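The values are calculated or read from the model by the stated rules, or taken from the named source; none is laboratory data. All of these numbers come straight from a predicted model, not from anything done at the bench. Glycine also receives a Cβ, built like all others from the backbone with ideal geometry; neighbour counts cover every protein chain displayed.
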Amino acid sequence: MKRFYLLALCITCLISVSYSSTVYFINSDGWTTVNAYVWGDSGNKADWPGEAMTKTTQQINGFDVYSYDVDETIYPNIIFTNKKEGSNQTEDLIVQPGKYYYWKDKTWYATADAVPALDDNPSVVIDPMNEAYWNFDQEDLKNLGTINGNVIVRGLTLVGGDNKMKVESVGPATLGDSTYTYMLNFDGTSRDGYREVVIPTKKNTKIELWVYKKTNSERIFSLQKNAFGGETLADLKCSVKEKIVDHLEYNHVGEDANIWLSVSSSNCYLCAIRLTPYVNENATGIFLAGAFNEWATDALEFNKLADDNTKASVTLSLAKATEYEFKIVDNGTWLGNNGTITTDITGWAFSASEGNCKLQTAATGEYLFTLDLATKALSVAYPPEKSYWLKHPFGGGSWEWKPLELQSDFTYTLTDIWGNNGVNIADNEAGDNSDWIEKSQIQNASLAKTGATVTFVYDPDTKQVSLTNIKNPENYVEEYYIKHPWGGGSWEWQKLELQADSTWTYRGVWGDNGVNIADNAAGNDADWITKKDIVNYELAELGDTVTFVYYPKENKVTITDVPDHGEPPTPEVSYYIKHGWADGQDASWTWQPMVKQDNGDWTYRGIWGGTGVDINTEPEDKGDNKQYFETVQGAQALQLGDSALFIYMPTTNSVSVELISTHSALYDIHINTYDEESYNLFGQKVDADYKGIIIHKGKKYISLK
C-alpha cells in the first residue's frame with residue numbers, strides 16, 4: 001500500500017511540473033517600450049505587440065536588460081519589439097530558455113558573461129551587423145523602394161523626405177570584381193528634396209564610396225559634419241563617363257562626428273559604402289581646445305604640414321564678431337597665453353604657466369592655427385577678405401556685374417539705380433557659381449520704384465539682400481493699378497484709390513484668379529500675385545463683387561466685403577482599399593471601393609493576403625489622403641486565403657479585419673452568373689440558372705441566382 005502511495009505521489013509531481021522559462025533581451029537601442037510576442041500551435045498568448053517585458057536591475061555593456069517568463073512547450077516562438085512606439089522588431093525567433101538576446105548584433109548568448117564587450121575603437125564604424133562593406137545589393141535593401149522619412153539600415157540613416165530617395169534596380173554595373181544591381185537613387189535638385197545619408201564616423205576613418213552615373217556629366221558628393229548645411233569637409237567629384245562606377249575616397253581625421261553625405265543633383269546612384277581605419281601619419285598628439293568645441297581635449301588635432309614636418313596645423317570654422325577662449329593640449333599638458341588675438345599673428349609663445357588665450361573674430365570663415373612643434377609658438381591666420389559682385393538691370397537697362405564694398409558690420413553694399421528686378425550674387429567678377437535672389441525676396445523692394453537711387457546690402461552669412469536709403473525719382477507720382485479677369489472675363493488694368501490708412505483699393509467683380517499690380521497704367525514692371533496668395537480668396541465665388549485692397553509695403557493683396565455664402569458644404573468622401581489580396585475574386589494589390597455603413601465605418605469583403613492595407617480617397621495611387629496601415633487589428637485570427645471583412649474607421653483612423661469564412665470552407669457568397677465550367681457537388685455541369693453550392697475554377701461558391 002505504501003509503494004502505491006509513493007508511486008501516485010511521483011506521478012502527481014510529474015504532472016504538475018512547470019515548463020516556464022525566462023528569456024532576456026539586451027536593450028542596446030534604448031527602447032522605452034519593450035514587448036515580447038509569443039505564439040505556438042494553439043495561437044498567440046496575447047494580441048500584438050505582445051506583453052510588456054520586465055526591466056531587471058542588470059546591465060550589460062551599459063544597456064538595460066529585460067526579462068520575460070514563457071512556457072516554451074506551449075509558445076516556442078517569440079518576437080521582441082517596440083511596436084507601441086516605433087517600428088523595430090526582431091525576426092521570428094525560437095525561445096532560448098535562460099539565454100540573452102542582444103539587439104546590437106541580433107544574436108542569442110548563453111550567459112551574460114558570453115556577451116561581447118563594446119569595442120571603444122572598432123575597426124569598422126558600421127558595426128551593428130559587423131559589415132565593413134555596406135552594399136546596396138544586399139537583401140535588406142532590395143525591398144525599401146521609395147524612402148519617405150528617415151530609414152535606419154545597418155547603422156546608417158537614409159534621409160528621404162518628400163519621396164526623393166529610393167532603392168531601385170538600375171544595374172548591373174561593375175567595378176573590378178564587384179557587380180551592383182540595387183542602388184540608392186538620389187533624386188531631386190534642391191535641399192527641399194531631402195536626399196542624404198548620415199554616416200556615424202569615428203576619428204581617423206577612411207570613407208570609400210562607389211558611385212554610378214546614368215548621364216555623362218559631373219556630379220559632386222558633399223560631406224558635411226554633424227548636420228546638412230554644417231561645416232563642409234569635402235566635395236568629392238565624380239567625373240567618369242556615363243554608366244561607369246567611380247571610386248571616391250575621403251580620410252576623416254577630425255573628431256567623431258555624424259557625417260552627412262549629399263549629392264548636388266539627380267541621375268547619380270550610390271552603390272556601396274566602406275569604412276576602414278585610416279592611419280594618420282601626420283598626427284602629433286597635440287590638440288586645440290576651447291569654447292568652440294566645449295573644451296574637448298582630443299577632438300581638434302594638429303597635423304604635420306606636408307612640406308614642413310617641424311610645424312603642424314588645424315583649421316577651424318568660426319562665426320564672425322565673436323570672442324573665443326582657448327588653449328593647446330600637448331600630450332596632456334595645457335599650454336596658454338593671457339593675451340587677445342584680434343588679427344593675423346605669428347609666433348605667439350604658449351606655456352603651461354599661462355591662462356586662456358582669447359581670439360576675436362572679424363568674419364565668418366576658416367581660421368588656420370599653426371604650431372611650431374619645437375618651440376610651441378602659435379600662429380593664427382584669419383580668413384582672407386572676400387569680394388562679392390552684384391548683377392542687376394540697373395535703372396531698368398542692361399544686366400551687368402558691379403563690385404560690392406565691405407562694411408564694418410561685415411555686410412557688403414552698393415549704391416546704384418534700382419531696376420525693379422532680382423539680383424545675382426557671386427564671389428567673382430565673372431559671376432561663376434552665382435546665387436539668384438528673386439525680387440520678392442529682397443527686403444524693401446516694394447518701396448523702390450524703377451529709377452530710384454538705393455543701397456543694395458548683401459549679408460554673406462544669411463545670403464540675403466535688402467534695400468536701404470531709398471530715394472524715388474522726384475517726378476514719381478505714387479499710384480497703383482490692378483489687373484484681373486473681372487467676373488471671369490478679359491484681363492484689364494484698373495486704377496486703385498489711395499485710402500487714409502495708406503492702402504490702395506478697387507471694388508470690382510471677382511474673377512477667380514490672381515492679380516497683377518503695377519505703378520503705371522501701362523502695367524510696366526508689374527508684380528504677379530497668385531490667387532492662393534490673396535488673403536480671403538477662398539471666401540469669394542466667381543461673380544461676387546468684392547473690394548481688392550493692396551498694401552504697398554508688404555506687396556500684399558486681400559479681398560474684403562465678400563458676400564456671405566454660408567458654410568461651404570462638406571464634400572462627400574469615398575474610400576478605397578488596396579491590399580495584397582490572396583487568390584480569389586480580386587487581383588493582387590488593386591484598389592477596391594469600400595461601402596459606407598450606417599455607423600460611419602467603411603467596409604469591403606475580400607480575400608486576406610497577409611499584408612497591411614492602403615486607404616485612399618482616390619481609386620488610384622494619388623491623393624493627399626493616401627495612408628498605409630501596417631497594423632490591421634484582428635489579423636492574427638486570419639490565415640492566407642480566408643474570406644474577410646475589412647473595416648476602415650475614419651473617426652479613429654484605424655483598420656480592422658473580421659473573419660467571414662476560412663480558405664478551407666466556402667470561398668465566399670456571391671450573387672453571380674457562372675459559365676459552363678461550373679459544376680455541382682456531384683461533378684455535373686450546371687448552367688447559369690443553377691442555385692446552390694457550385695464548384696467554379698476549383699473553389700466552392702453559393703449561387704443565389
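Quick look at the numbers
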quantity	calculated
All positions within segment 399-441 that are of a type in the set (S, T, Y) and at pLDDT 90 or above	T411, Y412, T413, T415
Tally of residues being closer than 27 Å to G634 by Cα and exposed (fewer than 15 other Cβ atoms within 10 Å of the Cβ) across segment 47-74	5
Candidates N293, N267, N309, filtered to the one that is modelled with pLDDT of 85 or more and in contact with a strand residue (DSSP E or B) (Cβ under 7 Å, 6 or more places away or on another chain)	N293
E325 being assigned to a strand (DSSP E or B) and touching a helix residue (DSSP H, G or I) at 6+ places or on another chain (Cβ under 6 Å)	yes
Total residues in segment 534-581, condition exposed (fewer than 13 other Cβ atoms within 10 Å of the Cβ), closer than 30 Å to V595 by Cβ and charged (D, E, K, R)	2
Segment 424-471, subset in contact with a helix residue (DSSP H, G or I) (Cβ under 8 Å, 6 or more places away or on another chain) and not in a helix (DSSP H, G or I), residue farthest from E554 (Cα to Cα)	G451
Matching strands (runs of 3 or more DSSP E) fully within segment 332-376 where at least 1 residues are within 14 Å of F287 (Cα to Cα)	333-335, 365-372
Leading residue by the ranking (modelled with the highest pLDDT) among those in segment 238-264 that are among the hydrophobic types (A, V, I, L, M, F, W, C) and not in a strand (DSSP E or B)	V253
Qualifying residue in segment 275-292 (condition: in a strand (DSSP E or B), surrounded by fewer than 18 Cβ atoms within 10 Å (Cβ to Cβ), of a type in the set (V, I, T) and within 35 Å of the chain's Cα centre (by Cα))	yes
Qualifying residue in segment 307-316 (condition: outside any strand (DSSP E or B) and either in contact (Cβ under 8 Å) with a residue 12 or more places away in the chain or among the small types (G, A, S) (or both))	no
All positions within segment 322-351 that are among the charged types (D, E, K, R) and touching a residue at least 40 places away in the same chain (Cβ under 8 Å)	D330
Selection within segment 545-561 - modelled with pLDDT of 95 or more and either on the phi > 0 side of the Ramachandran plot or not hydroxyl-bearing (S, T, Y) (or both)	V546, F548, V549, V557, I559, D561
Test for A319: is it surrounded by 13 or more Cβ atoms within 10 Å (Cβ to Cβ) and in contact (Cβ under 8 Å) with a residue 12 or more places away in the chain	no
Residue satisfying condition, being within 35 Å of the chain's Cα centre (by Cα), surrounded by 15 or more Cβ atoms within 10 Å (Cβ to Cβ), farther than 16 Å from D561 by Cβ and not assigned by TED's automatic domain parsing to the domain that holds G396, within set N513, N520	N513
Residue check for D344: surrounded by fewer than 17 Cβ atoms within 10 Å (Cβ to Cβ), within 30 Å of V465 (Cα to Cα) and in contact with a Phe, Trp or Tyr (Cβ under 7 Å, 6 or more places away or on another chain)	yes
Per-region count, segment 319-331, residues farther than 20 Å from E281 by Cα and either at pLDDT 90 or above or among the charged types (D, E, K, R) (or both)	8
Residue within segment 337-344 that is at pLDDT 90 or above and in contact with a Gly (Cβ under 7 Å, 6 or more places away or on another chain) present	yes
Inter-residue pairs, beta-carbon under 6 Å, first without any contact (Cβ under 8 Å) to a residue 40 or more places away in the chain and under 10 Å from Y388 (Cβ atoms) and in segment 425-436, second aromatic (F, W, Y) and surrounded by 11 or more Cβ atoms within 10 Å (Cβ to Cβ), 6+ apart	A426/W389
Of all residues making up segment 137-178, the number that are at pLDDT 70 or above, exposed (fewer than 14 other Cβ atoms within 10 Å of the Cβ) and either within 14 Å of C271 (Cβ to Cβ) or of a type in the set (S, T, N, Q) (or both)	5
Any hit, segment 364-387, residues being in contact with a helix residue (DSSP H, G or I) (Cβ under 8 Å, 6 or more places away or on another chain) and within 30 Å of A452 (Cα to Cα)	no
Qualifying residue in segment 389-396 (condition: over 39 Å from the mean Cα position of the chain (by Cα) and touching a residue at least 60 places away in the same chain (Cβ under 8 Å))	yes
Test for E385: is it acidic (D, E) and under 30 Å from A312 (Cβ atoms)	yes
Residue match in segment 611-628 (condition: acidic (D, E), surrounded by 14 or more Cβ atoms within 10 Å (Cβ to Cβ) and over 18 Å from D47 (Cβ atoms))	yes
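One line per residue, one yes/no per condition, for (1) of a type in the set (D, E, K, R); (2) in contact with a Ser or Thr (Cβ under 9 Å, 6 or more places away or on another chain); (3) farther than 16 Å from F302 by Cα:
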| residue | (1), (2), (3) |
| --- | --- |
| V329 | no, yes, no |
| T333 | no, no, no |
| D344 | yes, yes, yes |
| A349 | no, yes, yes |
| L359 | no, yes, yes |
| L368 | no, yes, no |
| G396 | no, yes, yes |
| T413 | no, yes, yes |
| N424 | no, yes, yes |
